[in-house]
Amino acid sequence: MSTTTTRPSRPATASDFIPDGDANGSSKKPINLLRGWPAPSLLPAAQLRAAANQVLADPVVAVPMLQYAIDPGFQPLRDELARWLGEVYPVYGNSAFTADEIAITGGASQGLACLLQSFTDPVYTRAVWVVAPCYFMACPIFEDAGFRGKLRAVPEDEGGIDLGALERGLKEEGGKEMETPPPPALKHPYPSRKLYRHVIYLVATCANPSGKTLSLPRREALVHLARKYDALIISDDVYDFLQWSVTPVTSSSSSSSTPTPLPLPSGTPLPLLSQIDNLLPPSPHNPPGKNFGHAVSNASFSKLVGPGTRTGWIHATADFAWGFSQTGSNRSGGAASQFAAAVIWRVLRDGALEGWVKGVVRPALRRRHVLMLREVRSVLEPLGVGVWRGREAGGVAEEEVYGGYFVWLTLPEGVDASVAAERARREEALVVAPGKLFEVVGDEDSARFPRNVRLSFSWVDEDEIVEGVRRFGAVIKRMLEEGGGEWRINTGTADEDSVAEFK
Ligand SMILES: Cc1ncc(COP(=O)(O)O)c(C=O)c1O
């Protein structure tokens, strides 16, 4: 393995893997299956332009949208979101969504940062339990909030986050706390907020990167666990609206790049963890007179409208949502993204957003996923590559539900994913995300992904999806044929130098 002087003194980030044009030694057109962005054709520019014209032409809306916001965010959007969420999510118990349970954010990333500012303390909060593999860009947000060295990886099993492993970890931390009494907190967020002892971070639906979705029983069990240990569950719910049904696709039908038309059920999301939590009696960990609960849904318009809108929302108990709105940066200036929130309100109110998601975004993603899966089954599965297929939908044996932007692969025994990604980059001008990228920073040893690769089907054109998988197949085939050569690593992940070479 060659060495390099550009070795990063930080964990690898996605930009380390993005090709820089002619840096790859191949004459092939670069294909990027790493990027988790919506394709340009999935951005509703015309609808947003019409909505922006309408709201700016109406002084009743134009004035508040151009002024400072109120702390919880643009009120008409909160009202509209309560209506929409009530329609989208199945009734759970007697739950209905109310506007006071919702606060507007600058998207899920900014929402996460604010949640940590208001409800955690780097001393009082013992640990952040992060599902592994994880959405890697969350780790720097946790570190910025003072949790460097306090991130704990919790592995997934077939059904998502492993609750047995999580509870063992929580118990162990509790034991340490008995031996060493907790030092006083640095923050004093009372009375509008509270500090939690633990944070549990995951993507409950269509996880990035694994694609897994927690079943309803597991959601309920997770909420009960959080309540037992005074933990705040933060679920990045950014893919809930992007689910569809996939019937099994056989590799024999894979010769054409046009997928067979399939019926298009809506892929109804399972209840939010915050819905489940809100229905339970107030927790004993609440301060007197408050009901903060133990789960918050951290949602976003990035994948529905466009990441550039930088707008999202949180859903939790009313006390929690109000407390969130009292984060210092919200009080000075009001909630983030007021302008974009007003434009989005208009497309939501008119039904244009729903029409766009149902009529364009979801079918396009589903079609792209079918294409990718078909190619994976035809080209990669015969080489011994495994692929996660999705959750079973409500007992219909033939039907599986999938969603989000990504497919998660497991390479054959002995084939290292970081090396495969590097070779794909050099030999095929193809960028894929090796599993190493999704390890929890500071606790990598607890859950490593040396044989996993994430492929994104959201960004590139359909023909590039097919071509990209074929090129990756060519790399894996060569690695298997070379068997045991320089590129075949039998243990652990590639060293940092090989990761640095992606630059
Ligand atoms: C799990 C997860 N959380 C958060 C984000 C970022 O969301 P936002 O653009 O709303 O900040 C992404 C984007 O890919 C994501 O996959």
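A short reminder: the numbers here are calculations on the coordinates, not readings from a lab. Source: prediction; values computed, not measured. Reconstructed Cβ throughout: ideal geometry from the backbone, glycine too, with neighbour counts over all protein chains shown.
Overview of results
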read-out: Per-residue HN-Hα couplings for segment 130-137 [Karplus 6.51, -1.76, 1.60; θ = phi - 60°; Hz; x = Gly/Pro]; value: 10, 4, 10, x, 10, 5, 5, 6
read-out: Distance between segment 411-429 and segment 192-241 - C-alpha centres, whole angstrom; value: 33 Å
read-out: Geometric extent, Cα atoms of segment 97-182 - Rg, Dmax (angstrom); value: 14.8, 43
read-out: Within-15-Å neighbourhood charge of residue 44 [Cβ basis; K, R +1; D, E -1]; value: +4
read-out: Length released on extending from residue 98 to residue 389, taking residue separation times 0.36 nm less the Cα-Cα span; value: 101.3 nm
read-out: Built amide H within the under 5 Å cut-off of residue 237, gap 5+; value: 298, 299
read-out: Shape call, segment 30-104: gyration tensor on alpha carbons, a/c limit 1.5; value: oblate
read-out: Surrounding net charge for residue 362, when Lys and Arg each add one and Asp and Glu each subtract one, Cβ distance under 14 Å; value: +3
read-out: For 205, 213, 410, order by how many other beta-carbon atoms lie within 10 Å, fewest first; value: 410, 213, 205
read-out: Ranked by how many other beta carbons lie within 10 Å on average, peptides 413-419, 87-93 from highest; value: 413-419, 87-93
read-out: Pair residue 427, residue 66: separation of 7 Å Cα→Cβ label points (nm); value: 5.9 nm
read-out: Fewest-first ranking of 61, 199, using other Cβ atoms within 10 Å as the exposure measure; value: 61, 199
read-out: Expected-Rg normalisation [2.2 N^0.38 Å, Cα atoms] applied to segment 338-483; value: 1.25
read-out: Surrounding net charge for residue 120, when Lys and Arg each add one and Asp and Glu each subtract one, Cβ distance under 15 Å; value: +3
read-out: Ranked by how many other beta carbons lie within 10 Å on average, peptides 473-483, 437-447, 161-171 from highest; value: 437-447, 161-171, 473-483
read-out: Point-to-point label distance, residue 158-residue 318, nm (Cα→Cβ direction, 7 Å offset); value: 4.3 nm
read-out: Taking 188, 369, 224 and counting other C-beta atoms within 10 Å, the order from fewest to most; value: 188, 224, 369
read-out: Net length gained if the chain between residue 144 and residue 268 were fully extended (0.36 nm per residue, minus Cα distance); value: 41.1 nm
read-out: Full-stretch length increase - residue 326, residue 177 - with 0.36 nm per residue and alpha-carbon distance subtracted; value: 50.7 nm
